[in-house]
Structures are given as C-alpha cells and as structure tokens.
1. Would you check if B:LEU360 is in contact with a Gly (Cβ under 7 Å, 6 or more places away or on another chain) and not in a loop (DSSP other than H, G, I, E, B)?
2. Could you pull out the residue among A:ILE145, A:ILE113 that is under 20 Å from A:GLN89 (Cα atoms) and either within 24 Å of the chain's Cα centre (by Cα) or not hydrophobic (A, V, I, L, M, F, W, C) (or both)?
3. Is it the case, given these coordinates, that A:ALA90 is surrounded by 21 or more Cβ atoms within 10 Å (Cβ to Cβ) and at negative phi?
4. Report the residue count in the range A:155-167 for those that are assigned to a helix (DSSP H, G or I) and either over 27 Å from A:GLN89 (Cβ atoms) or under 12 Å from the mean Cα position of the chain (by Cα) (or both).
5. Here are A:VAL107, A:VAL79: which of them is of a type in the set (Val, Ile, Thr) and modelled with pLDDT under 90?
6. Go through the range B:267-298 and report how many residues are among the aliphatic types (A, V, I, L, M), more than 30 Å from B:VAL122 (Cα to Cα) and within 21 Å of the chain's Cα centre (by Cα).
7. Given the criterion more than 14 Å from every other protein chain (Cβ to nearest Cβ) and assigned to a helix (DSSP H, G or I), identify the matching residue among B:VAL335, B:VAL325.
Amino acid sequence: MSDEATIDYILRAENLTLRFGGVVSLRDVSVEMRRGEILAVIGPNGAGKTSLFNSLTGVYQPQEGTITFMARDGAPLSVIGKKAHQIAQAGVSRTFQASRLFNALSVFENIKIGAEDHRGIGLVGALVKGPGTRRGEHVSDNLVIELLEFVGLTSEANLIASQLSYGARRRLEIARALATNPEVILLDEPAAGTNPSEKLALAELIRRVRDERGVSVLLIEHDMKLVMSLAERLYVLNFGSVIAEGSPAEIRANPVVIDAYLGSSHEETSA
Amino acid sequence: MTILSLANLKRLAMILIVTAVIAIMTGAAGSSSAPPTTGIHGSFFERVSWFGLFTAPRWLLFFTLGVIVWLLVSLYRPRAQTIRRGAESFFALPRAVTSRRWARVTLMLVALAIVIVLPKFVHESFWMYLIVEQIGVWILLALGLNVVVGFAGLLDLGFAAFYAIGAYTTAWLTGALPAPALFHHPIPTLWVIPIGILAAMVFGVLLGTPTLRLRGDYLAIVTLGFALIIDDFVETQSGVTGGGVGSSPVPHPALDLGFYHFKWGLSPTPYYYLCLVFIVVFIIVFTSLEHSRIGRAWVAIREDEVAAESVGINPLKYKVMAFAVGAASGGFGGVMSAGLVGIINPSLFTYQVSVNVLVLVIFGGMGSIWGVALGAIVIQTATSYLDNYQPWGYQINDLYMYIGALLIVMMIFRPAGLLPSRRRAREFAEAKRGDDVHTDEVLTGDQP
C-alpha cells in the first residue's frame, strides 16, 4: 500500500449509511476510488451496489457520511445534498442497470442531448442562433460524431434507439454518458443481458474508455469472468456493508467473499 | 362470417342501447333552455330535420345512426387488416411529401397564401369575427399549451389562467377595469401586447417554480387549482376586476407611426391579420425552439426524467421554461381576445376553456405544431358551425359529449393525433409494445 498522501483520489465515499424507513440499504460504507483506475463493486443481489451508485450520483441522499469528488482542476466537491444534474455537470456520469435511453429519439440525438451544455437559460440563443449558439452546436456535433465512432455506432447513427440490439444499446448508453465529458463514469451492470461476444466487445470498450479517454471507471458487474479480467481493484458488498477490498487475485482468495457468494459450507472454490 | 352472427347481433344490441341513452340524454331535455318538465318526451320524440331533407322523430334519427355505425363496424372488422394496410399506403404519400424540404416549404406557402386571401371570400362579418375569436385565438392557446403538454410532457389542466392573465392585464393597463391603470395612465391597447405576453410569462415562472417539482397527476391537480384561483379572483374581486359583469370596453387597438395611422375598429378583418401575424411568429418561434438545445432537453425530460438528469439536465429549470414559453402565446391570446371582444368577463376563462384547449392539443397531435393548429381549426370550425346552425336537434349543452366521443374514437384509431409528431408517434408505439421501462423501480435494481 502506498502512502496516503501520494494517492490521487477522484471519488471518496466515507461512512455512508442509507436507510429507507427501517431498512438499512448501506451501512457505514467507505469506498475510495483512485484517479484513472477501473474499480469494480461486486456482491450478491440486494447487497446495496445500485444503492451505492445512486448515492454517488445524487439520486439517493444518504443519511450519514460524506462523498467527495475531486475534479482534476477545481475545489473538491461535496456530493451529498447536490442534485443529480449538478453532479453530472461536475463530471460524474453514469449508466443504468436497465438501459434508460431516450427510446423515441435517434442514436445521434441520444448522444447529442448528453453532449449539450445544459447550464444557463439560452432562450435567446436558441431562437436567434447567433455565432455562439452555432459554435456550440458545432462542438457538440463533433463530439457526437467522435463518440459514435468510439463506441462503433457510426453506421447506426440515424436509427431510433429502440431499434438497436441489446449490446448496441449498452454501448449507446456509455456513449451518452461520455458525451457529458465526465472524469468518472459509473457503469451499472453494463454487460447485463448481452451475449458472450458482445460481452468481450464491451470489456474492450470499457478498457478503452479509461485508456483513450482518460475517464476513471467504476463498475458494477455480475459476470465474474468479466469483472476479474477488467477491474484493477474490487470492493465486495454484502448486506449493505463492505466485506472485502483488494485486487482480483486477493478477492478470489478471500474466504469471507467465498462465504458470501457460496454460503458457508463450501468445499472448494472454482475460478 | 355472416353479418348476422351472434357476436354481431350482441354488438348491435349494445350500440342501440348506447344510442338510446345518448338520444335521451341529449337534445332539448338535456339543456337548460327548455322547461325541465319536457323530460323524455321533449327530446326523445322531438321531430327534427334530417340533414335538411325531411323531418322525423329524433329517436328514429339516433336509431338509424346506431344501425349505420353497427353496419360499419361489422363490415370493418373482418376486413380490418386490409383496410389498415390500405390506410398505411394512403398516409405514406403525404408522409413522403412532407419529408422533402421543398415540398414542405411549398405546402406552407400555399397554406399561407390561402389564409392571407381568406377574408376576401368570407363575406359575412359575423363569420369573420368567429374565425378570429373562435379559431385564431384558440390556435394561439393550443400552440402555447402544446409547448407545455406536447414538448415538455407536463399535464396542465389550467391553461386558461394564462389566457385570463393576458386579457385582464390588457384591460387593466388600458384603464378598462375598476382598478386604476398602472400609474393612473392608461396606455394604448397595441402597446399592451408585449406587456401582456411578458406578464403571462412571469406568471408562468411564478406558478411553475413551486409546483413543477411535482410530477404527473399531482402537477395536473395543482395547475387546475391555480386556474380555479384566478377564475375565482376575477369573479369575486369586483372592485378590482369588475367581477361577473366584467370590464368596461377595452379600447380598440390603433397604430400611430406619425406618417401612418391605422385603427382596428368594428370590422374583424384587421384583427384577423393581426392574429395571423402573431400565429406565424409563434409557429416560427416554437418550431425553432423545438429543434434547439432546449427542445431536445424537453424531449429528454418527457421521455425519462432520471436519464435526463444523469446527463446534466435540470428538469425543474426546463419545465419552468416550458411553462413560461407556453404562457407567452396563451397571454397573447388573452390580449387579442380583450382587444377584439372589448368587454371581458370571467365566463371567458372558465375551467371549460382549459379542457377545450387540451382537447385541441390531443386531437391535433401532442408535440406537433402543425397538428395542433390543424386540430384547432377543425374542432373550432365544427363547434362554431354546430353552435350557430344547430342542425339535427343539436343543443349547445351537448357539445362536450360529442367531443368526448370524438376523443375516444381518436384514442382508439389515431392515438398520437391528427398530424402526429414523429417522436410522439414513436413514443406511443413504444408504450403500446410495453417494453418501455419508465418506473422508478429500475433504480433499485438490486432487488430481485
């Protein structure tokens, strides 16, 4: 372990507790994410993975704890209490477990909505279409074209989102999330429902998101093979608490994790 | 399958029961103008003109119409597939035409030419007046509500409030209300146009900021309440608004450019052109908004608010904007109405007005600017005709029953409206297929 001061954190959640009435969804969860890493959160169903994501992106407001986002330039941002759109504007982007695309819009428009700057009012700009507005359109159009190529949907640009195959939808969602120019992207089960070859392509895409676009990736995924090959570090959640943290090899060998996944009476572990 | 099959005969019985109920409920007995004692005899057995051909009892007319409907349905059902396919190919032609830019532009220019020369062919000033008051103003209202309901997907049941604000602002500033005009200095009606629009927009923001945090049904109820408050205020605060009696006459607009004078007087034709200019302006403004960053943000919120937030869209801000923008044309409708009618009173801004505007938007095609304009023209022309000629024993009070029936038929056969917006039509298709995940349980995906 390197020294605390030298680690460049990008997203840091400390002692999060999230309750819904009497149900505790997250219990004293601390997760630290380093800049530029591919980090995964795994755990059985109901462990609180999506709750953690929703807390990090402002959809849920945890009752206790702090979340800090350290943008590359600018002061650290306290995420708790911020609205989802403010967090997205600050540079934390996400996808959803069941894809939430704008299904009646084209692939191009889906990404374009992500690429546009939604700050300010812009009523006059939208009407008069002055040079500023046109420049903005140009910039966002170029970004859309670039991202279409990045996720390999260039030839599907004019299709309606609902006409896409499942794997293509997942890629479109990633492209839309990337269009907001994030520093961190949170992917909630990006490979759910895809076939094995699509899974490989997605793993490749996620790696390229980090390598080529310099975006740190936080990942929830059920497919162990995919997670273990992709993630550099993992957190394991069970019943709303972090039960383990470490590299894929460490996690694979951790008896607590094996217990959580296979029950306590396991005889042997298979890879 | 023979037409006299058991299922078809059952359907005939159902249809006849429904038409009998309609025949009893409508007509003279259902109106307030006829003595209440007439009851079933007054309406049911009343002799009415059959399309001007001959006179016969009303029940027979309804019976005949019921049988005709039954015949149509019975003949349609076994051939539904073929007819539907025929309709598809029939509608493919206008779709192919409107997808070409030059064709669209030509179509618009032709439409514009028609509406410009229209007054030359309407010789009765009464009808010209109706065209402005019953069609022109309502197109403005429908265009405004379309921004709120069609673009942003917010159900507003109180749009008449903005109409009222436009009209009463006009009356107030021109000194037609019991309350003294601003700075005790009445201003010309024409100058009120920008102020009336602005006032409605400000009210849109004031109403929207606290209420647009609500979603769906809750928002609809709150907007309804807001309209009722405005309605009640103008009705009861007679010291300010003139109460149920209304304002004193709002002066007719006049233009004075020094070298050129023009006065809008009693003839409706100049109002027609004033209204037309603003309708064109609003259509241009709303169309460019629809295809702007803002329009796309509206669609995103309408389709999936959570996803919209995840790409940095502040839903509240854009919803308030939709309210304000929509209120602009509603407010201008009010200014127009006040300038034309002269004396305004609360009966012009009832809940019925809000519902009627919504009907125009749904009928024409939510989110489709040309659709709602056409919808307003069709429905308002039909109701003006029915109200003034009262054919077939038609009574004014029955209007909303027929409109309700029309909407039901629309929802079955053309749910996205007369001229649907392409996006909206796709949304309807999605919803029909049922694979659209829009509920919040998606967020808590961890639960099995």
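The values are calculated or read from the model by the stated rules, or taken from the named source; none is laboratory data. What you are looking at is a predicted structure, and each value in this text was computed from that prediction instead of being measured. As a convention, Cβ positions derive from the backbone with ideal geometry for all residues, glycine included, and neighbour counts pool all protein chains shown.
1. When the stated conditions are applied, B:LEU360 passes them.
2. Working: A:ILE145 fails: under 20 Å from A:GLN89 (Cα atoms).
Checking each option against the conditions leaves just A:ILE113.
3. So A:ALA90 fails the test.
4. 6
5. Within the list A:VAL107, A:VAL79, the selection yields A:VAL79.
6. 1
7. Result: B:VAL335 is the single residue among B:VAL335, B:VAL325 that is more than 14 Å from every other protein chain (Cβ to nearest Cβ) and assigned to a helix (DSSP H, G or I).
One line per residue, one yes/no per condition, for (1) more than 16 Å from A:HIS85 (Cα to Cα); (2) within 14 Å of chain A (Cβ to nearest Cβ); (3) modelled with pLDDT under 90; (4) surrounded by fewer than 15 Cβ atoms within 10 Å (Cβ to Cβ):
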{"site": "B:THR241", "(1), (2), (3), (4)": "yes, no, yes, no"}
{"site": "B:GLY246", "(1), (2), (3), (4)": "yes, no, yes, no"}
{"site": "B:HIS291", "(1), (2), (3), (4)": "yes, yes, yes, yes"}
{"site": "B:TRP298", "(1), (2), (3), (4)": "no, yes, no, no"}
{"site": "B:ILE301", "(1), (2), (3), (4)": "no, yes, no, no"}
{"site": "B:SER310", "(1), (2), (3), (4)": "no, yes, no, no"}
{"site": "B:ILE313", "(1), (2), (3), (4)": "no, yes, no, no"}
